[in-house]
1. With the structure loaded, tell me whether Lys90 is at pLDDT 75 or above and either surrounded by 12 or more Cβ atoms within 10 Å (Cβ to Cβ) or hydroxyl-bearing (Ser, Thr, Tyr) (or both) or whether it fails that test.
2. Kindly indicate the residue of the range 1-40 that is of a type in the set (Val, Ile, Thr) and at pLDDT below 85 and also surrounded by the most Cβ atoms within 10 Å (Cβ to Cβ) among those meeting that condition.
3. Report, by residue number, each residue of the range 49-75 that is within 16 Å of the chain's Cα centre (by Cα), over 16 Å from Thr6 (Cβ atoms) and small (Gly, Ala, Ser).
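The values are calculated or read from the model by the stated rules, or taken from the named source; none is laboratory data. Only a predicted model underlies this, so the values are computations on that prediction, with no experimental measurement involved. Positions of Cβ are backbone-derived with ideal geometry, glycine not excepted, and every protein chain shown enters the neighbour counts.
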Amino acid sequence: MASFLTKSNFMSGLQCHKQLWLAVNEPHRATSLNLAQQRVIDQGDAVGQFARQQFPNGQLVQGNGSEAIQATQAAIAVGATCLDVLTKSKRPEVQKLAKDIITCQQAEIDPMKQWRKAWYKQ
């Protein structure tokens, strides 16, 4: 069975190769989250809930690995968008949220795009 690397695992692997190996191969050995880490997870959940409230007809992509990839590709094929829609919102708080997400994620997205281009010639 093919294993897919999540962005979270990838970023943790940049910090520690052993941590990445454990996360992928022996996730049951993971340590518990501390309070700060749990708050970050909770904030991400809150953002997701807020986005679903603002866009009730939006498409939620769930799952991991190949199922998430297939669901995302299917959503894109029918024209689904996310941050593009948020940045064009008439509500300033939604525009700010989108810009904050883009700013925060860009530091992770840029190196991954470069690696993809180098590794897969895409």
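1. No; evaluated as a whole, the condition is false for this residue.
2. Val24
3. Ala51, Ala75
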